[in-house]
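The values are calculated or read from the model by the stated rules, or taken from the named source; none is laboratory data. A quick note: this is a predicted structure, and the numbers were derived from the prediction, not measured. Virtual Cβ from ideal backbone geometry, glycine too; neighbours counted across all protein chains shown. Keep in mind that these areas ignore ligands, DNA and RNA; they rest on the heavy atoms of the full protein, side chains included. Shrake-Rupley method; radii C 1.70, N 1.55, O 1.52, S 1.80 Å.
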Amino acid sequence: MASMLMNSLRNCPPVNPVWAVQYASRSLSTSVQHHAQVQTKSKKTLAKPGVKNIVLVDGVRTPFLLSGTTYADLMPHDLARAALQGLLHRTNLPKDAVDYIIYGTVIQEVKTSNIAREASLGAGFSDRIPSHTVTMACISSNVAMTTGAGLIASGQCDAIVAGGVEFMSDVPIRHSRKMRKTMLALNRAKSLGQRLSLIGSIRMAHLTPELPAVAEFSTAETMGHSADRLAAAFGVTRLEQDEFALRSHKLAKQAQDTGLLSDIISFKVPGRDMVSKDNGIRPSSMEQLAKLKPAFIKPHGTVTAANSSFLTDGASAVLIMSEEKALAMGYKPKAYLRDFVYVSQDPKDQLLLGPTYATPKVLERAGLTMNDVDVFEFHEAFAGQIMANMKAMDSDWFAQNYMGKKTKVGAPPMEKFNLWGGSLSLGHPFGATGCRLVTTVAHRLQKEGGQYGLVAACAAGGQGHAMVIEAYPQ
């Protein structure tokens, strides 16, 4: 696909070498005026006859921290518990008022395989509330939210807590397969002779540990390597990627300094200080970014540590309800959760193109166009991934040849896109990012006076997600 894309895109007017100049003119500027209020637009509501309105009451998250820093001695359920307790405190939600709790995570701690249950009990929720854990790579908490939305829509529940957590400071490392087989055989051995024989069979090779996979199981390729190939296929330059990464950090810093990241709850880490803000936001300069070497395809790749999201510890949680239930409990919701879709593509050459496929699909379901959307929040796995998706979305050729569409959906305008930073700067705890995206859209719609927001994200396995969010009337 890579060579086909390169050849075709070079000859295709919507996506050509001049694109970088055109893109720059669309403003990668960091001088966005966050506090400028946009007049609230009057558009049709997306409510559907006979369908329950599902609302986001509120959302919180722990500070997202670089793995191996302040959270290093905790366990995943500690972070998830902190997020849940923060949600309880912020909403004054009675601990028995929730019908179901759903959490997303990717790399599971073996001691707490159903982390939703352990975290909810630790947070003080009633032990009568069922809880389960879901996983779908980087969109795991999106799945938690939409699963909850489905329970509400079907009438099974009225109030759901959904969230996600990831803890990269400590990941499960297994013994080798040979060693595991030997240890299990030792457990079954019935005599001292059998045990001694098994112990004597252990060799040095048995002691080689197995780390969690960093590559796609189906393709044996790392996501960073795939991102580098995708950037090359769409002609995304190193300069474009570094510019976007710098933009993300500068916007995140502005949002942090002006108090816009209000979803963060302070967390007292046992034995350490209170943590109140993300620690991965580090605005630099283009000169500094240019000094970094390629991280995956060496020596000529364009993806570096600086234009990639970093390993992060963190947790998030949201309270979603039927509108009727929320109003009956005295809440003023932040937003409606409207249409959503999941998509899946070739995990080899289209691993990170989930937003390109999901965006037109969810807009079509909602009866909207790109021009109707006021706020865009896309997951930034890599700067190159974002830029490649932008080019794919802005290409009639790609829409016609890969998506079966007559015309392109169009790329999101940068003046509406990830204005408070993104995963490149705020961090990306795999299982928790989805809730951050949705809560950020709700807050930006309130702040900017918009009506419709769009969340989109890619995920391992060539999967993706998009959701339309509608501002709640103020």
Search result, residues across the range 227-238 that are among the aliphatic types (A, V, I, L, M) and either free of Cβ contacts under 8 Å to residues at least 40 places away in the same chain or outside any helix (DSSP H, G or I) (or both): Val236
Selection from the range 130-161 of residues that are touching a residue at least 60 places away in the same chain (Cβ under 8 Å) and in contact with a Ser or Thr (Cβ under 7 Å, 6 or more places away or on another chain): Thr135, Cys138, Ser140, Ser141, Ile152, Asp158
Residues of the range 192-226 that turn out to be more than 22 Å from the chain's Cα centre (by Cα), of a type in the set (D, E, K, R) and either part of a loop (DSSP other than H, G, I, E, B) or loosely packed, with under 11 Cβ neighbours inside 10 Å (or both), as a count: 1
Looking only at the range 245-275, and only at residues there that are assigned to a helix (DSSP H, G or I), surrounded by fewer than 22 Cβ atoms within 10 Å (Cβ to Cβ) and among the polar types (S, T, N, Q), the one that is nearest to the chain's Cα centre (by Cα): Gln256
Scope the range 384-413; condition part of a helix (DSSP H, G or I), more than 21 Å from Met223 (Cβ to Cβ) and either open to solvent by 10 Å² or more (accessible area, probe 1.4 Å) or not hydrophobic (A, V, I, L, M, F, W, C) (or both); matching residues: Asp396, Trp397, Gln400, Asn401
Condition broken by Gln37, with the remaining ones in (1) assigned to a loop (DSSP other than H, G, I, E, B); (2) in contact with a helix residue (DSSP H, G or I) (Cβ under 8 Å, 6 or more places away or on another chain); (3) at pLDDT 95 or above satisfied: (3)
Odd one out for Pro294, checked against (1) outside any loop (DSSP other than H, G, I, E, B); (2) over 20 Å from the mean Cα position of the chain (by Cα); (3) of a type outside the set (Ser, Thr, Tyr): (1)
Some residue of the range 133-155 being modelled with pLDDT of 95 or more, over 30 Å from Ser344 (Cβ atoms) and not in a loop (DSSP other than H, G, I, E, B): no
Within the range 101-120, considering residues that are of a type outside the set (Lys, Arg) and surrounded by fewer than 17 Cβ atoms within 10 Å (Cβ to Cβ), the one nearest to Gly314 (Cα to Cα): Ile107
In the range 439-474, the residues that are β-branched (Val, Ile, Thr) and either part of a loop (DSSP other than H, G, I, E, B) or under 12 Å from Asn418 (Cα atoms) (or both): Thr440, Val441, Val455
Test: residue in the range 81-100 that is open to solvent by less than 20 Å² (accessible area, probe 1.4 Å), within 22 Å of the chain's Cα centre (by Cα), within 23 Å of Leu337 (Cβ to Cβ) and among the polar types (S, T, N, Q): no
Subset tally (residues that are more than 19 Å from the chain's Cα centre (by Cα) and either over 17 Å from Met321 (Cα atoms) or at pLDDT 95 or above (or both)) for the range 48-76: 14
Test result for Phe430, modelled with pLDDT of 95 or more, out of contact with any helix residue (DSSP H, G or I) (no Cβ under 6 Å at 6 or more places or on another chain) and open to solvent by 10 Å² or more (accessible area, probe 1.4 Å): yes
Criterion (of a type in the set (Val, Ile, Thr) and within 26 Å of Val455 (Cα to Cα)) met by exactly one of Val110, Val165: Val165
Members of the range 145-154 that are open to solvent by less than 50 Å² (accessible area, probe 1.4 Å) and out of contact with any Asp or Glu (no Cβ under 7 Å at 6 or more places or on another chain): Met145, Thr146, Thr147, Gly148, Ala149, Gly150, Leu151
